[in-house]
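First up is the structure itself, then whatever we jot down about it.
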Amino acid sequence: MTRHQKRLAVPNSWPVERKTNTFTVKAGAGPHGEAGVPLVVLLRDVLGYVDSTKEARYALNNDSVLVNGDAVSDEQRPIGMFDILAFPERGEFFRVFPDEGGRLALTPVDEEAAGSRLGKITNKSVVPGGDVQLTLHDGTNVLVDDDAEYDTKDSIVVDNESKEIVAHFEYEEGALVTAVAGQHAGRIGEVADIDVTLGSGSNTVFVGDDEDGYETVEEYLVVIDENFTGDDADEAGDSDE
């Protein structure tokens, strides 16, 4: 397996310029799979907090960068959708959120919002002992005692410190969602209608928003809450003042 990553071949979600240089950092093993962006890319190319991989390693070795509440020491650690990136010494907190076109962007949030992260349930299974395991979109597993209220396509909010579920949003008509892939990525609206497709095809969903609404496949949608509509950024800015 190659240790190199050409910029032209990176996933569309990576927030990097593709024609400035030939190579970029390759993401290491970890959450989010191939869609995960190496942490050093965000620190160097997006935020501009470091100028090199060496500087990124120094910052990480001083536990000055937290991902989902945990100090990270690997500059190649993949960062992806809905992760929380925190810089406690700087008093800065960001949520990774899909922008228009599906590119991952860093949205400023306040410290309270940075204390938990959202995850889409992609699978659930019974593990030895009878507990139910929920698998989230980034590969994280969460154990629950009773699966009656959770289902795939729902979203949950996990506290970064206790790792406990603190909120649950059901996937249903009327739910607030955002598209995270496809031509409508980054658009937020409410599920107006779910057209169930018989067989193995994807269900089609019509989402109403401030424009004319849009139609997309179910897999591209994630249920969110009103904290993801832009208010966080405004509140964070107000608190800085």
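Given the convex hull over the Cα atoms of the range 88-191, what projected area results after averaging over all orientations, in nm²? Before the final figure, lay out the partial values.
Numbers: hull surface 31.2 nm².
It is 7.8 nm².
In nm, what is the difference between 0.36 nm times the number of residues separating Arg57 and Val217 and their Cα-Cα distance?
Going from the current span to full extension adds 53.6 nm.
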Rg(Cα) / (2.2 N^0.38 Å) computed for the range 116-169, rounded to two decimals:
1.01
Accessible surface of Lys163 in the full protein assembly, 1.4 angstrom probe, to the nearest 10 Å²?
100 Å²
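Multiply the residue gap between Asp195 and Glu112 by 0.36 nm, knock off their C-alpha separation, and tell me the result in nm, one decimal place. Write out the running numbers ahead of the final one.
Numbers: separation 83, 0.36 × 83 = 29.88 nm, distance 3.71 nm.
Length difference between fully extended and current span is 26.2 nm.
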Heavy atoms of the protein only, probe of 1.4 Å, neighbouring chains included. What is the accessible area of Leu104 in Å², nearest 10?
20 Å²
If you plug each phi of the range 80-89 into the Karplus form 6.51 cos²θ - 1.76 cosθ + 1.60 with θ = phi - 60°, what whole-Hz ³J(HN,Hα) values come out, in order, with x for Gly and Pro?
x, 3, 6, 5, 10, 10, 10, 10, x, 5
Got a sec to turn the phi values of the range 199-206 into Karplus ³J(HN,Hα) couplings, 6.51 cos²θ - 1.76 cosθ + 1.60 with θ = phi - 60°, whole Hz, x for Gly and Pro?
x, 8, x, 7, 5, 9, 10, 9
So who's got an amide H within less than 5 Å of the one on Ala105, skipping anything under 5 residues away but keeping other chains? H placed 1.01 Å off N, in plane.
Phe97, Asp99
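Subtracting the Cα-Cα distance from 0.36 nm times the residue separation, let me have the gained length for Ser73 to Glu164 in nm, one decimal.
Details: separation 91, 0.36 × 91 = 32.76 nm, distance 2.39 nm.
Gain on extension, Ser73 to Glu164, equals 30.4 nm.
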What is the distance, in nm, between label points placed 7 Å from the Cα along the Cα-to-Cβ direction at Glu172 and at Asp151?
0.8 nm
Table column - 3J(HN,Hα) (Hz), the range 176-193, Karplus curve with 6.51, -1.76, 1.60, x for Gly and Pro:
7, 9, 10, 7, 10, 8, x, 6, 9, 3, x, 7, 10, x, 10, 5, 9, 7
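The values are calculated or read from the model by the stated rules, or taken from the named source; none is laboratory data. This one's a predicted model, so the numbers in the text were calculated from it and none came from an experiment. Every residue, glycine as well, gets a Cβ built from its backbone with ideal geometry; the counts of neighbours run over all protein chains shown. Note: accessible area is taken over every heavy atom of the protein model, side chains too, but ligands, DNA and RNA are not part of it. Shrake-Rupley method; radii C 1.70, N 1.55, O 1.52, S 1.80 Å.
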